[in-house]
Amino acid sequence: MSSLDDRKSAFENKYAHDQELIFRVEARACKLFGLWLAGEMGLSGAEAESYAKTVVTANLDEPGFDDVVRAVRPDIDKKGLEISDHLINSQLEKFMADAKQQIMEEDEAA
């Protein structure tokens, strides 16, 4: 019975680790996306960092990035930027890949 408990515990630990990794990657991707979008809106420095944090927070509403798109669309429209939903989604995919790479490199270095 002990080996079954060990396997169960190992599975639960792996699941928790995987969920934490997904959370960290999505948060990093949203920050990178928020910084990119802030730059497109002419923000820099502390303003850009603050905007990126609002994008990260927006992603906490629901799984996926639909909540992020809904959060940033009014800002894009208000600034009169020609940024389509397709470009938003493409950038989010790019930043997901970048974030995953960054997190993996950081974890390997630690």
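The values are calculated or read from the model by the stated rules, or taken from the named source; none is laboratory data. None of these values were measured; they are calculated from a predicted model. Reconstructed Cβ throughout: ideal geometry from the backbone, glycine too, with neighbour counts over all protein chains shown.
For the reader, a short list of remarks on this structure follows.
- The sole residue among Val68, Val56 that is touching a Gly at 6+ places or on another chain (Cβ under 8 Å), assigned to a helix (DSSP H, G or I) and surrounded by 13 or more Cβ atoms within 10 Å (Cβ to Cβ) is Val56.
- Among the criteria (1) crowded, with 16+ Cβ neighbours inside 10 Å; (2) at pLDDT below 90, the one Glu20 does not fulfil is (1).
- If you filter the stretch 71-99 down to residues that are farther than 18 Å from Phe23 by Cα and among the acidic types (Asp, Glu), you find that the one that is surrounded by the most Cβ atoms within 10 Å (Cβ to Cβ) is Asp75.
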